[in-house]
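The values are calculated or read from the model by the stated rules, or taken from the named source; none is laboratory data. Fair warning: this is a prediction, and the values are worked out from it, not measured in the lab. All Cβ positions, glycine included, derive from the backbone under ideal geometry; neighbour counts span all protein chains shown.
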């Protein structure tokens, strides 16, 4: 076995890659151990996502210092979950404490490891021993203690593994929740696996085998049952904030009152924050005063727990935030929602999670910031589908019209990949509609799952339901429709100059079209009401909804008039998703229905 006495940039990256591979291979095993800080069964998934974002974006340099810098930056940008942010800060500290050198020997590496632990503990508002933190620290202490015992990385790494394993074995002695569940710490297990992967490569130096690695997803047994009492807050919330003088103390002062599990990683120019909170939108509103929020995440830990332990059926139901449906129905049918991203100026938000409709409409009415939406990436769907299929037999995923957004295609691409890896069924369905009509289709799909209908039977019926939906929209101003590109700037200019108020509908191909027009919103709303009365006579109405963009008065007018005609209340009156409001503008009102 050839000795390794120096690490340059490329050799360090290959060690990192080999450790990453081990985590990717065992992510579900790590998930199974996840009981702290909350039992949401995603520590392995979060570590794997963090690792994957690094190895997919970093091209190693020959310089050790440069490569550690690339890895640290990619880790901060791609970190996910409590464990991912802690791991990112460990890598960031290692880079910060490394000399500006082309290569590094074992003694220098051990010195940098020892100094990096300070960065790790400073990043965590309330450090808890018996976690990944402890395993990294005790392993680093072993490496520092034995830095002069040998000059060969392979020899010392092999010996250090036993210290890391012992530290992991002792985690239940330090943390009661682990002892109660009869498991070791999930994040600590991930780090030990990372070391095992590094040692495997140090022993073989088989670069060809390493680079030919392709991840495979393993399906594992049920996760041990845990009590809801372990949840203090609902959303695992993260953000990447860029600015000048982002002092950790100031950020901690803002973040701590919102929840627990606070981690603040990075430097004064770029910070990755992590917190468990019930108020992600309000937190982001505070943070944006300090810098630009270029990334946000808010995972619903309660839904993750329910998927693992309290799922009602064997078919999971997924949609995107273009679906408007009352929260109580989303909860009842255990609907998993992927958020659309909203870009406002330099800040990025998650639809319905990190920005409220009230805040959103205040921004677009009183600010000149440029706004746009960004569909969920394939990676977001891949992560969700992979996670759900460790608990469900299949998935039905219902999405925003493919004629108006690329969300459906992104979901389909992810589904094809995950189906190949798991052998389980995922049906990605094009609603050919949006907002409340999409909500009614999701509601009907949930009811079919509840009734025990087979996956294939529901998919067959869905195509019929799609043809039974109608949408009519009363728009106050053409401004946002023109900005969204739905109408050309020239046509939009003349329409705005003439004061035209359009009535918009959605055709059977899932595209919007101009159905009618007036010159006042009052006349416009009367036109919509008249058209909707005609539509309601064409068949028996299964359910209908009234929706509005910050216009509750207009919605109430429609509710009263339609209730008298339809003979029943609408399912709901909802302030539409900001992702929809961004394209139709404030004060818009809409009616959607679904026939029997």
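Could you list all residues from segment 366-395 that are in a helix (DSSP H, G or I), touching a strand residue (DSSP E or B) at 6+ places or on another chain (Cβ under 8 Å) and at pLDDT below 90? Once the filter is applied, which keeps residues that are in a helix (DSSP H, G or I), touching a strand residue (DSSP E or B) at 6+ places or on another chain (Cβ under 8 Å) and at pLDDT below 90, segment 366-395 yields only 380.
With a requirement of 2 or more residues that are within 22 Å of the chain's Cα centre (by Cα), crowded, with 23+ Cβ neighbours inside 10 Å and without any contact (Cβ under 8 Å) to a residue 60 or more places away in the chain, the helices (runs of 4 or more DSSP H) lying completely within segment 1-98 that satisfy it span 43-57, 64-78.
Name the residues in segment 429-442 that are surrounded by fewer than 24 Cβ atoms within 10 Å (Cβ to Cβ) and either farther than 20 Å from residue 577 by Cβ or touching a residue at least 60 places away in the same chain (Cβ under 8 Å) (or both), would you? Reasoning before the result, please.
Quick first cut of segment 429-442, residues surrounded by fewer than 24 Cβ atoms within 10 Å (Cβ to Cβ) only: 429-430.
Once the filter is applied, which keeps residues that are surrounded by fewer than 24 Cβ atoms within 10 Å (Cβ to Cβ) and either farther than 20 Å from residue 577 by Cβ or touching a residue at least 60 places away in the same chain (Cβ under 8 Å) (or both), segment 429-442 yields only 430.
Among the listed residues 180, 159, identify the single one that is assigned by TED's automatic domain parsing to the domain that holds residue 52, within 31 Å of the chain's Cα centre (by Cα) and surrounded by fewer than 17 Cβ atoms within 10 Å (Cβ to Cβ).
Values: 159 fails: within 31 Å of the chain's Cα centre (by Cα).
That would be 180, the only listed residue that is assigned by TED's automatic domain parsing to the domain that holds residue 52, within 31 Å of the chain's Cα centre (by Cα) and surrounded by fewer than 17 Cβ atoms within 10 Å (Cβ to Cβ).
All conditions but one from (1) modelled with pLDDT under 95; (2) closer than 21 Å to residue 263 by Cβ; (3) assigned to a helix (DSSP H, G or I) apply to residue 108; the one that does not is (2).
I'm checking my understanding of the structure. Among residues of segment 336-365 that are under 21 Å from residue 308 (Cβ atoms) and assigned to a strand (DSSP E or B), which one is nearest to the chain's Cα centre (by Cα)? Looking at residues that are under 21 Å from residue 308 (Cβ atoms) and assigned to a strand (DSSP E or B), I get 338.
Any idea which residue in segment 139-153 is farthest from residue 5 (Cα to Cα), counting only those that are surrounded by fewer than 19 Cβ atoms within 10 Å (Cβ to Cβ) and out of contact with any strand residue (DSSP E or B) (no Cβ under 9 Å at 6 or more places or on another chain)? Checking each candidate, the answer is 141.
Condition check for residue 276 on (1) more than 21 Å from residue 78 (Cβ to Cβ); (2) at pLDDT 90 or above: one failure, at (1). Taking the criterion of being touching a helix residue (DSSP H, G or I) at 6+ places or on another chain (Cβ under 9 Å) and under 14 Å from residue 374 (Cβ atoms), the residues of segment 307-344 that qualify are 320, 321, 322, 338, 339, 340, 341, 342, 344.
Please verify whether segment 307-322 includes one or more residues that are touching a strand residue (DSSP E or B) at 6+ places or on another chain (Cβ under 7 Å) and farther than 30 Å from residue 594 by Cβ. No, because not a single residue in segment 307-322 is touching a strand residue (DSSP E or B) at 6+ places or on another chain (Cβ under 7 Å) and farther than 30 Å from residue 594 by Cβ.
One line per residue, one yes/no per condition, for (1) more than 21 Å from residue 73 (Cα to Cα); (2) out of contact with any strand residue (DSSP E or B) (no Cβ under 8 Å at 6 or more places or on another chain); (3) not assigned by TED's automatic domain parsing to the domain that holds residue 126:
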position	(1), (2), (3)
236	yes, no, yes
240	no, no, yes
246	no, no, yes
254	yes, yes, yes
269	no, no, yes
284	yes, no, yes
